[in-house]
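Working notes, beginning with the structure itself.
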Amino acid sequence: MKLLFTLLVLLSITISYTRADTYGVGIWNNGTSVNVGLIDLTTGNQAALKLSIQGFNYQASNLQGSTYNYATKMLSFYVLQLSNKAPTLYVINCNTWAVVSRTTFNFQYQYAGLASTNTAANNLYTVMSNSAAVFPSKIDPKTNVLSKFDSIIGSYRGSVYVPTINSYYVAFTNQTGLYIRVYNSNNQLTTESAFGFGGNSYQVNNAPLNLVYSPINQGVLAQVWMTDPFNRDYYALAYLNWNAGVFDVTSMDGYTGDVFLTTIPDSNNQWLTYSFAYSFGQYTIYTFSAYTNSFVSFRPYETPILSAF
């Protein structure tokens, strides 16, 4: 029965997949440039380049330094200028593949956690951090000026905008554990709670979780990095279970040694989730069933995708 379901899902998705106008939008580095283009999540094995920005590189994918507004098709992402490491925010119009704006920020912070509210105004949440604290912030869509609205002692571990409650989640760790703070649309702190992990096969490392909202089931997904007894990397996707205070680790997992880079939940009721990964010298894409929370397929991907929508 599971095999029949999987075959029906795969047939359906090849016919009707329409997320971000049939293709996803991806970001990757190519030597001294950061590239943006279209990615075929279902059958392709490389991205179609649409824009290349010379002299910059995209940051580590677990910083969540990019976001896509599905209402306006605006892609926003942080890059570092290669000549002086200046943190820079680019906004790209993916209707025309043109640069809308470029803004350089203060060197004293690391910039992460971009999240769009998916509205016509293109409002953006973000996180600034340094060695001591995390600063949840908003970006004015007209001026790209950042405004802090909180200060958290600890280390950044992920963030996500949850549209069902119009709130921004910020995960962080401190000396006592892993926590999530929730901010409402007025940037006010509404709650904070501690979290652990459940169902994990191995010990979970204290590392960023690359949080993403799944419109399929209105849940929050995390990429959980574990280490097996032979000191090998092992990744799996987990759902945030707020009431139980845990991230429930699922069977949507990778092969031992593969490193998950970015995850894309389907938004068209196909009940599929995709994760790009680095696998022993090559890049790959996993397809998972969000219906059974299990593995569907795995294939090489020639383009080193670091972030995708």
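The values are calculated or read from the model by the stated rules, or taken from the named source; none is laboratory data. Treat the numbers as computed from the prediction; the structure is a model and nothing was measured. Neighbour counts run over all protein chains shown; Cβ positions are idealised from the backbone, glycine included.
Checked against (1) touching a helix residue (DSSP H, G or I) at 6+ places or on another chain (Cβ under 9 Å); (2) under 18 Å from Arg181 (Cβ atoms), Ala222 meets all criteria but (1). Note on the stretch 57-91: residues that are part of a strand (DSSP E or B) and either small (Gly, Ala, Ser) or in contact with a Phe, Trp or Tyr (Cβ under 8 Å, 6 or more places away or on another chain) (or both) total 16.
Does the stretch 216-242 hold any residues that are touching a residue at least 12 places away in the same chain (Cβ under 8 Å), more than 30 Å from Ile165 (Cβ to Cβ) and outside any strand (DSSP E or B), and which are they? Asp228, Pro229, Arg232, listed by residue number.
Going by what's in this entry, would Pro136 be described as surrounded by 13 or more Cβ atoms within 10 Å (Cβ to Cβ), at pLDDT 95 or above and either within 13 Å of Tyr183 (Cα to Cα) or out of contact with any Gly (no Cβ under 9 Å at 6 or more places or on another chain) (or both)? It would help to see each step written out before you state the result.
Details: surrounded by 13 or more Cβ atoms within 10 Å (Cβ to Cβ): yes; at pLDDT 95 or above: yes; either within 13 Å of Tyr183 (Cα to Cα) or out of contact with any Gly (no Cβ under 9 Å at 6 or more places or on another chain) (or both): yes.
Judged against the criteria, Pro136 is a match.
Yes/no per residue for (1) modelled with pLDDT of 95 or more; (2) part of a strand (DSSP E or B); (3) farther than 19 Å from Asn210 by Cβ:
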| position | (1), (2), (3) |
| --- | --- |
| Ser159 | yes, yes, no |
| Ile165 | yes, no, yes |
| Tyr169 | yes, yes, no |
| Thr173 | yes, yes, no |
| Ile180 | yes, yes, no |
| Asn187 | yes, no, yes |
| Thr191 | yes, yes, yes |
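With at pLDDT 95 or above, over 18 Å from Leu272 (Cβ atoms) and surrounded by 22 or more Cβ atoms within 10 Å (Cβ to Cβ) as the only criterion, which of Leu221, Leu209 stands out? So that I can check it myself, show each step before the final result.
Working: Leu221 fails: over 18 Å from Leu272 (Cβ atoms).
Only one candidate passes the filter, namely Leu209.
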